[in-house]
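Asker: I'd like to ask you about the structure that follows.
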Amino acid sequence: MTLIYLFIFGSVVIAGLTAVYGLVWAVRDGQMRRFSAGAMSIFDDEEPVGRMTDAFPGEGNASGVGVGREP
Amino acid sequence: MNRAVFLYVGVLAVVLASFSGLVSLPQLQLGTIQPLVDANGNQYPAPPTGLVAEGRSVYISLGCIYCHSQQVRPPGFGADIERGWGTRRTVARDHIWDAPPLLGTMRTGPDLANIGVRQPSDNWHLLHLYNPVMTSPGSIMPPMPFLFDERPVEVQVPYDALAFPPEWSTPGRVVIPTRRAKALVAYLKSMDKSHPVPEVVP
Amino acid sequence: MSSTGAAVSGTDRAVLERVGWRGDVDGSCQVPVGLFFVSAIAWLMVGTVLALLASLKMHVPGFLDGTDWLTFGRVRPAHLNTMIYGWGSMAGVGVMLWLEARLCRVRLPLQLLLVVGVVLWNVGVAGGTIGILTGAQTGVEWLEFPYPWSFLFAGVFAVVMAASLMMFSGRREGHIYVSQWYLFGAVLWFPFLYVMANALIHGNLATGVVQASANWWFAHNVLGLWFTPIGLAAVYYLLPKVLGRPIHSYYLSLLGFWTLALFYNWAGTHHLIGGPLPAWLITVGVVGSLMMFIPVTTVAINHHLTTVGHFSRLRVSPTLRFVVFGAMSYTVVSFQGSLQSLRSVNEVNHFTHYTIAHAHLGVYSFFTMVMFGAIYYIAPRLTGREWASARLIKVHFWGTATGMAIYWIGLTWGGWIQGLKMDDPDVPFLDIVRYTVPFLASRTAAGVLMTIGHIAFAVLAWKMFAGSGVRLVGPTLFTSRRPAAIPGGEV
């Protein structure tokens, strides 16, 4: 039983320390500053922010036609 | 978060941690439990053999676990003991020979951990398997006629033919359990976890 | 515009290739992902038939009980396994591979191996299901396929993992988007879980009740570390992409992912509360389950704040309807699950139909509905065609949404009272059984509605993949539309 408690307590401590280390690293490395860049990474000129990219077929009341080349 | 190495390490670490905690540690703690042996050399629990072992395979094959559990919860947690489903809660020692344990997660039908104590009659089990409503009115358990052979009655009624209650009798026909049915009944009758164990203080 | 019924040809590829990197990536996904989707939908239909059979058998006890092939105890696990390994996992892998390709901005690799993989996967599910129906099931929940099939599945999962890691390491987008964290986790976690569970239980590395703990470590992690991450990855991508609005708080996504990874892992033993296991093992599962409030609340806030003010767009986007329905269900089912792990609640709901309603709220109302939404978004981008009928899409949505609601209400209500009665030793067991029958019948009625929805979806999928849908014009999209204007003038 002692082994179990040691293991669980030990894992929690190690996990906690790793998390703290990770957080300190992330702040130092500037990860926290780049958050909005991350959220924006799925948009570009062809599918920009502000344009919907889905609609019901044949209903013609909304949505974005892509800006790309037409065949 | 752009450093892939963090993802790798973190993802693997969390699953290894839960594996250690939920599998490895319990195996270390419970893997060495031995059966109890009394003065006459009788083991509890005894490893299943013969027809009982065969019956366990039939139980698995027919999917009985999807309606029946095999675990008695502690007194004061639910009403398992008050319902007569056992005289004590079931413990890890009860399952040391089980591969896999058939604890179940549904009680569409009653718990079976001690069904051998509650229903010691072969004929009751056979009738119940053949057509559950004969013994249990209102039951939704599926009938299992495929576990039996039906034949027109000849000069002598076979010794193992089912004895139907009068309102269900089948004049001119007999119903004989197949080996699968007999094995399953043997398994059900073997289920008795009333043997005292040191883990449960009476 | 309309096209004739021919399968997608080189000409269609040329159309896609002329429309930029997205079209190129989508083109590379066309065959493998398309095959995953078609297979998944076929298994959805098989699993639906098995579901109706199983449901009927619970309130019409003599129904089709002449052979052991169709006895409830075999039909029920056959339903579960075709849905988990046939529909759910194949749809999930298709969605996962496409999302990874798009987010890494690379073409899908290992094309031939993936195609072989799909074929083998189908063989495995078919063989395993026949194995269950013919009596060779294993007695281990969520791993009922006769265990030799697990070697085949392990091999196919390895190919999927390899393709994913190749895309990930070859990614051309510097930033790792939130969906990619979830997918990365899923594709590493699931094969590990699957191989270990089979080794532990069928290989007897675990013994006695430890096999039960290993069983539920596996089965709950299939929900928490496979289906949930794939579902959330899809929501995190589709919600912003369809709306044209970025995720509200990227920081919250980070918190949500890591707390999920940490806590969800431990929840498995909540399936064994009251069972013959050490108290500490059960408690650890309860704690993990309760801590899930953190990631679930985080994700709910994030998704809600991304969508709030724009719920009207559900009227115009099929994907959005299914995805929002699914994402909201995720919040509800997770909160419910955390509460169910409390011993006082579990004392009532364990072993009852309440648990089944909860399970379907998760795998169907959350995961399956999100997969429907994802397929509605992805398939046109694979085939270059529009969906054939808006009306059928609406039949699909309303059939499944209404059916699911009736299912959940009926079995939650009936199951909870079933549990209360079971905890009262003065109530004869058969009275409890009789009490539940009308609720079980309501579940069949719900199932009929869901089946209607699935049939509509299967018809749409047939037209989409067999080649009779309307041809698309734009890089990803539909003809004759005005761009949606978003307040704030961003367009």
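Asker: Looking at residue C:253 and the list (1) more than 10 Å from every other protein chain (Cβ to nearest Cβ); (2) over 30 Å from residue C:208 (Cβ atoms); (3) within 21 Å of the chain's Cα centre (by Cα), which single condition is not satisfied?
Answerer: So residue C:253 meets the others, but not (1).
Asker: Just the residues that are over 15 Å from residue B:166 (Cα atoms) and either aliphatic (A, V, I, L, M) or at pLDDT below 95 (or both), please, taken from segment B:123-136.
Answerer: B:126, B:129
Quick grid of which residues meet (1) within 14 Å of another protein chain (Cβ to nearest Cβ); (2) buried (at least 24 other Cβ atoms within 10 Å of the Cβ):
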| site | (1), (2) |
| --- | --- |
| C:61 | yes, no |
| C:98 | yes, yes |
| C:105 | yes, no |
| C:115 | no, no |
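Asker: Does segment C:117-134 hold any residues that are surrounded by fewer than 21 Cβ atoms within 10 Å (Cβ to Cβ), within 20 Å of residue C:98 (Cβ to Cβ) and of a type outside the set (Val, Ile, Thr), and which are they?
Answerer: The answer is C:122, and nothing else.
Asker: Test each condition in (1) farther than 24 Å from residue C:55 by Cβ; (2) crowded, with 18+ Cβ neighbours inside 10 Å for residue B:131 and report the one that comes out false.
Answerer: (1)
Asker: Another question, if that's okay. Filter segment C:165-189 down to the residues that are farther than 12 Å from residue C:96 by Cα, within 14 Å of chain A (Cβ to nearest Cβ) and aromatic (Phe, Trp, Tyr) and list them by number.
Answerer: C:177
Asker: Just to be sure, is residue C:5 modelled with pLDDT under 95, buried (at least 22 other Cβ atoms within 10 Å of the Cβ) and either charged (D, E, K, R) or more than 30 Å from residue C:447 (Cα to Cα) (or both)? Break it down stepwise before answering.
Answerer: Values: modelled with pLDDT under 95: yes; buried (at least 22 other Cβ atoms within 10 Å of the Cβ): no; either charged (D, E, K, R) or more than 30 Å from residue C:447 (Cα to Cα) (or both): yes.
No, not satisfied.
Asker: Condition first: in contact with a helix residue (DSSP H, G or I) (Cβ under 6 Å, 6 or more places away or on another chain), more than 10 Å from chain B (Cβ to nearest Cβ) and of a type outside the set (S, T, N, Q). Now tell me which residues in segment C:421-445 satisfy that.
Answerer: Passing the criteria: C:439, C:441, C:443.
Asker: Scan segment B:48-64 and tell me whether some residue there is facing chain C (nearest Cβ under 9 Å), among the β-branched types (Val, Ile, Thr) and in contact with a Pro (Cβ under 9 Å, 6 or more places away or on another chain).
Answerer: Yes: segment B:48-64 contains one or more residues that are facing chain C (nearest Cβ under 9 Å), among the β-branched types (Val, Ile, Thr) and in contact with a Pro (Cβ under 9 Å, 6 or more places away or on another chain).
Asker: Here's something else I'd like to know. Return a yes/no flag: does segment B:25-41 have any residue that is assigned to a helix (DSSP H, G or I) and more than 10 Å from chain C (Cβ to nearest Cβ). First the steps, then the outcome.
Answerer: Kept after step one, since they are assigned to a helix (DSSP H, G or I), are these residues of segment B:25-41: B:25-30.
Right, trim to more than 10 Å from chain C (Cβ to nearest Cβ) and you get none.
No, that holds for no residue.
Asker: Among the listed residues B:151, B:88, B:83, which satisfies the condition of being of a type in the set (Lys, Arg), under 22 Å from residue C:353 (Cβ atoms) and not in a helix (DSSP H, G or I)? Reasoning before the result, please.
Answerer: Numbers: B:151 fails: under 22 Å from residue C:353 (Cβ atoms); B:88 fails: under 22 Å from residue C:353 (Cβ atoms).
Unique residue meeting the criteria: B:83.
Asker: Further, regarding this structure: Would you check if residue C:39 is part of a helix (DSSP H, G or I), under 20 Å from the mean Cα position of the chain (by Cα), more than 10 Å from chain B (Cβ to nearest Cβ) and closer than 17 Å to residue C:183 by Cβ? Before the answer, list the steps.
Answerer: Details: part of a helix (DSSP H, G or I): yes; under 20 Å from the mean Cα position of the chain (by Cα): yes; more than 10 Å from chain B (Cβ to nearest Cβ): yes; closer than 17 Å to residue C:183 by Cβ: no.
No, not satisfied.
Asker: Find the residue count for segment C:57-81, including only residues that are closer than 30 Å to residue C:463 by Cβ and in contact (Cβ under 8 Å) with a residue 40 or more places away in the chain. Steps first, answer last, please.
Answerer: Initially, segment C:57-81 is screened for residues closer than 30 Å to residue C:463 by Cβ, giving C:78-81.
Pick out the ones that are also in contact (Cβ under 8 Å) with a residue 40 or more places away in the chain and you get C:78, C:80-81.
Result for segment C:57-81: 3.
Asker: With among the aromatic types (Phe, Trp, Tyr), facing another protein chain (nearest Cβ under 10 Å), over 20 Å from the mean Cα position of the chain (by Cα) and crowded, with 24+ Cβ neighbours inside 10 Å as the only criterion, which of C:280, C:258, C:266 stands out?
Answerer: Values: C:280 fails: crowded, with 24+ Cβ neighbours inside 10 Å; C:258 fails: crowded, with 24+ Cβ neighbours inside 10 Å.
Result: C:266 is the single residue among C:280, C:258, C:266 that is among the aromatic types (Phe, Trp, Tyr), facing another protein chain (nearest Cβ under 10 Å), over 20 Å from the mean Cα position of the chain (by Cα) and crowded, with 24+ Cβ neighbours inside 10 Å.
Asker: Of the residues C:400, C:476, only one is surrounded by 22 or more Cβ atoms within 10 Å (Cβ to Cβ), among the polar types (S, T, N, Q) and either modelled with pLDDT of 90 or more or in a helix (DSSP H, G or I) (or both); which? It would help to see each step written out before you state the result.
Answerer: Numbers: C:476 fails: either modelled with pLDDT of 90 or more or in a helix (DSSP H, G or I) (or both).
Of C:400, C:476, the one residue that is surrounded by 22 or more Cβ atoms within 10 Å (Cβ to Cβ), among the polar types (S, T, N, Q) and either modelled with pLDDT of 90 or more or in a helix (DSSP H, G or I) (or both) is C:400.
Asker: Next question. Condition (residue is more than 25 Å from residue B:70 (Cα to Cα), surrounded by fewer than 16 Cβ atoms within 10 Å (Cβ to Cβ) and either without any contact (Cβ under 8 Å) to a residue 12 or more places away in the chain or out of contact with any His (no Cβ under 6 Å at 6 or more places or on another chain) (or both)) applied to segment B:136-150: is it met by at least one residue?
Answerer: Taking segment B:136-150 and keeping what is more than 25 Å from residue B:70 (Cα to Cα), we get B:148-150.
Checking the rest, the ones that are also surrounded by fewer than 16 Cβ atoms within 10 Å (Cβ to Cβ) come to B:149-150.
Next, only the ones that are either without any contact (Cβ under 8 Å) to a residue 12 or more places away in the chain or out of contact with any His (no Cβ under 6 Å at 6 or more places or on another chain) (or both) stay: B:149-150.
Looking through segment B:136-150, at least one residue is more than 25 Å from residue B:70 (Cα to Cα), surrounded by fewer than 16 Cβ atoms within 10 Å (Cβ to Cβ) and either without any contact (Cβ under 8 Å) to a residue 12 or more places away in the chain or out of contact with any His (no Cβ under 6 Å at 6 or more places or on another chain) (or both).
Asker: If you don't mind, another one. Can you name the number of the only condition in (1) surrounded by fewer than 24 Cβ atoms within 10 Å (Cβ to Cβ); (2) facing another protein chain (nearest Cβ under 7 Å); (3) in contact with a helix residue (DSSP H, G or I) (Cβ under 7 Å, 6 or more places away or on another chain); (4) part of a helix (DSSP H, G or I) that residue C:246 fails?
Answerer: For residue C:246, the failing item is (4).
Asker: On the basis of being more than 14 Å from chain B (Cβ to nearest Cβ) and of a type outside the set (D, E, K, R), does residue C:136 make the cut?
Answerer: Values: more than 14 Å from chain B (Cβ to nearest Cβ): no; of a type outside the set (D, E, K, R): yes.
In short, no.
Table: residues versus (1) in a loop (DSSP other than H, G, I, E, B); (2) more than 30 Å from residue C:386 (Cα to Cα); (3) in contact with a Pro (Cβ under 8 Å, 6 or more places away or on another chain); (4) within 14 Å of chain B (Cβ to nearest Cβ).
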{"position": "C:323", "(1), (2), (3), (4)": "no, no, no, no"}
{"position": "C:327", "(1), (2), (3), (4)": "no, no, no, no"}
{"position": "C:330", "(1), (2), (3), (4)": "no, no, no, no"}
{"position": "C:337", "(1), (2), (3), (4)": "no, yes, no, no"}
{"position": "C:347", "(1), (2), (3), (4)": "no, yes, no, yes"}
{"position": "C:358", "(1), (2), (3), (4)": "no, yes, no, yes"}
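The values are calculated or read from the model by the stated rules, or taken from the named source; none is laboratory data. Computed from a predicted model, the values in this text were never measured in an experiment. All Cβ positions, even for glycine, are placed from backbone atoms using ideal geometry, and neighbour counts span all protein chains on display.
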